[in-house]
Amino acid sequence: MLRLSILLAISTLIIGCGPKNTAKGKDSQALKTPSVTEKTLPDGLILQEVDLNDDGNSEIFNYYREREDAPRLLVRKDADLNRDGNVDIKSWFADSGMLEMEEMDGDFDGQLDMWDHYQDTDGDGSPERVSSELDTDYDGKPDVFTYYRNGKVIRKERDTNGDDKIDHWEKYNENGEVVKSGRDTNFDGIVDERDT
């Protein structure tokens with residue numbers, strides 16, 4: 001399944017390498033100009049739609065909130081990375097402008113199946129991924145939960161039988177090795193198998 005870095009790479013390609021005009025003549029290498037439209041939504045947010053290749057279908061959707069004494073604030077950005085008409089990634093931003101959460105469709109089937117959560121863990125204003133959730137059985141609910149510190153996995157939890165309860169745990173050391181794990185094999189909520 002695609003991870004965020006791959007999705008962002010695709011996004012960069014979409015934004016940075018728009019299709020070229022293939023018409024013959026002096027303008028044959030000219031890039032198409034993105035089309036940008038805006039409208040105010042019933043909740044007061046301003047939706048800015050960006051059609052990168054001017055084909056009539058928007059690929060980027062920016063949601064802004066107006067502020068009295070400051071520039072408008074980007075609260076969410078949606079992107080259709082593969083241009084199939086479905087949003088593949090939703091990015092949510094805090095009032096500080098920092099990324100707070102991303103929801104992704106890693107397999108481009110139209111359903112969100114990955115969620116990353118970010119915090120400013122060292123006070124420098126930059127987002128750091130602190131946890132992620134993954135829906136591996138495609139039932140619309142996450143079943144793998146991963147926790148990070150300083151960019152490294154420190155813990156994973158899984159719901160292996162789809163009952164919305166964690167039944168498998170793993171702890172990791174600084175080298176990314178599992179140092180402790182446990183399982184609830186009879187699904188009663190109590191760890192009954194441990195590995196150290």
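Before moving on, here are some points about what is shown:
- With respect to the conditions (1) closer than 21 Å to K156 by Cβ; (2) surrounded by fewer than 16 Cβ atoms within 10 Å (Cβ to Cβ); (3) at pLDDT below 95, Q119 lacks only one, and its number is (3).
- Residues that are within 25 Å of the chain's Cα centre (by Cα), of a type in the set (S, T, N, Q) and assigned to a loop (DSSP other than H, G, I, E, B) were ranked within the range 11-64; the one that is modelled with the lowest pLDDT is N53.
- Yes/no for L74 being in contact with a strand residue (DSSP E or B) (Cβ under 8 Å, 6 or more places away or on another chain) and either modelled with pLDDT under 95 or among the β-branched types (V, I, T) (or both): no
- Looking only at the range 153-182, residues that are in contact with a strand residue (DSSP E or B) (Cβ under 6 Å, 6 or more places away or on another chain) and within 22 Å of D139 (Cα to Cα) come to 7 in all.
- Looking across the range 121-135 at every residue that is within 17 Å of the chain's Cα centre (by Cα) and not small (G, A, S), the one that is nearest to G97 (Cα to Cα) is identified as P127.
- In a residue-by-residue description of the range 77-93, the property of being more than 24 Å from G106 (Cβ to Cβ) and modelled with pLDDT of 95 or more applies to no position.
- Screening K165, K180 for residues that are assigned to a strand (DSSP E or B) and over 30 Å from A79 (Cβ atoms) leaves exactly one candidate, K180.
- The lone exception for K156 - which of (1) in contact with a Gly (Cβ under 8 Å, 6 or more places away or on another chain); (2) surrounded by 15 or more Cβ atoms within 10 Å (Cβ to Cβ) it fails: (1)
- Among the residues examined, Y138 does not qualify as more than 30 Å from E170 (Cβ to Cβ), under 19 Å from the mean Cα position of the chain (by Cα) and among the aromatic types (F, W, Y).
- One residue stands out among those in the range 122-142 that are among the small types (G, A, S) and modelled with pLDDT of 95 or more: the one that is surrounded by the most Cβ atoms within 10 Å (Cβ to Cβ), which is S132.
- Pair list, Cβ under 6 Å, 6 or more apart: the range 168-196 residue buried (at least 16 other Cβ atoms within 10 Å of the Cβ), other residue among the small types (G, A, S) and not in a loop (DSSP other than H, G, I, E, B): W169/G182; E170/S181
The values are calculated or read from the model by the stated rules, or taken from the named source; none is laboratory data. These figures come from a predicted structure and were not determined experimentally. Here the Cβ is made from the backbone with ideal geometry for all residues, glycine too, and neighbour counts use every protein chain on show.
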